[in-house]
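This report concerns only the one structure given below.
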Amino acid sequence: MAHQQQISLPAKLINGGIAGIVGVTCVFPIDLVKTRLQNQRQGHQIYKNMLDCLVKTVRSEGYFGMYRGAAVNLTLVTPEKAIKLAANDFFRQHLSKNGKGLTVFKEMLAGCGAGICQVVITTPMEMLKIQLQDAGRLAAQQRMPAMKSPTKLAATNTVLSRSYNVGPSPAARAVSATQIARDLLHTQGIQGLYKGLGATLMRDVPFSMVYFPLFAHLNRLGQPSRDESAPFYWAFLSGCLAGSTAAVAVNPCDVVKTRLQSLSKGANEESYNGVVDCVSKIMRKEGPFAFLKGAGCRALVIAPLFGIAQVMYFIGIGEFILDQSPFNYLSA
């Protein structure tokens, strides 16, 4: 699209960053539910479904309990979304010849490049976010008499035991993402923050390969003509549909990533020695449907997140801020 190609890189970064902040603020509670549902093991279920998880979280942790880990997401989502959107646009432009449209293969290749670029930020962001999001589930499991196992709980990751109040001392207080990151860097080095990198690539690269070509084709259907952009509401709907489709498609990889990045375990919850070991144990102990845990929540998170992202991106807030073009609410 000619309009997109004229947008400068700084404007793209601003558009992607603002879109990420708005989207995360709107859907973060559902993302927290997704993480907790994915980490539940068969026979040790605390939450029945998404609604039950939300209700129990509010009752036990208060309204702001639904936003555990939001600070790290809001801090890092700007560079993450900016890199993702700008990288895809960059690769699309360089794969396009003489302004002609891209083939589906080249669109997927551009999405692949965007997915690879974003994991530099996504992996540590998800790593820290998951530790904070899963804290309430572990604390709730400890409170259930049938699930208590002092020996197992005492063996949880020493870096994070005090963060979750699941250690032997009931007076343990929650710590911040900054403190967790500092502990991980001190004990494990930079690789501590990049645990689950392989699983993150397995999730984000296919996601981008599905999402960007699908969005481009859906959005093209809303164009009045080849030289006109689709209206903003069509960009929103296209982003929602493409995002939810891609999210469900890669949900098995997201389950594996979440399990690998959860450093602290509850009673009778096994550890994993990599992607293959994780897939094997989940399949053997929980069955194939375990890979669909949180799929509905993930679709509900990603749909509005990317719908909002595309609206912000195509409206052109970045151009307005940089005084490149008039701000227009009615067209993309």
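None of the figures in this text is laboratory data; all of them are computed from the coordinates on show. Predicted, not measured: the structure shown is a model, and the values here were computed from it. Note: ideal-geometry Cβ built from the backbone for every residue, glycine included; neighbour counts use all protein chains shown.
So here's what we get for this one:
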item: Nitroxide proxy distance, nm - points 7 Å out along Cα→Cβ at K281 and Q179; result: 2.7 nm
item: Per DSSP, loop trypsin sites (Lys or Arg not before Pro) in the range 80-147 with at most 13 further Cβ within 10 Å; result: K97, K100
item: Two-site FRET efficiency, R143 against K48, from Cβ-Cβ distance with R₀ of 25 Å, rounded to 0.05; result: 0.90
item: FRET efficiency for F64 and E270, using Cβ-Cβ distance with R0 set to 35 Å, rounded to 0.05; result: 0.65
item: Pairs from K34/K257; K56/K81; K12/K84; K195/K257; K257/K281 whose Cα-Cα separation, in the structure shown, is over 20 Å; result: K56/K81
item: Selection of chymotrypsin sites (Phe, Trp or Tyr not before Pro), the range 193-296, meeting DSSP coil and at most 13 other Cβ within 10 Å; result: none
item: Per-selection Rg to Rh, the range 1-121 - Cα, Kirkwood hydrodynamic radius; result: 1.13
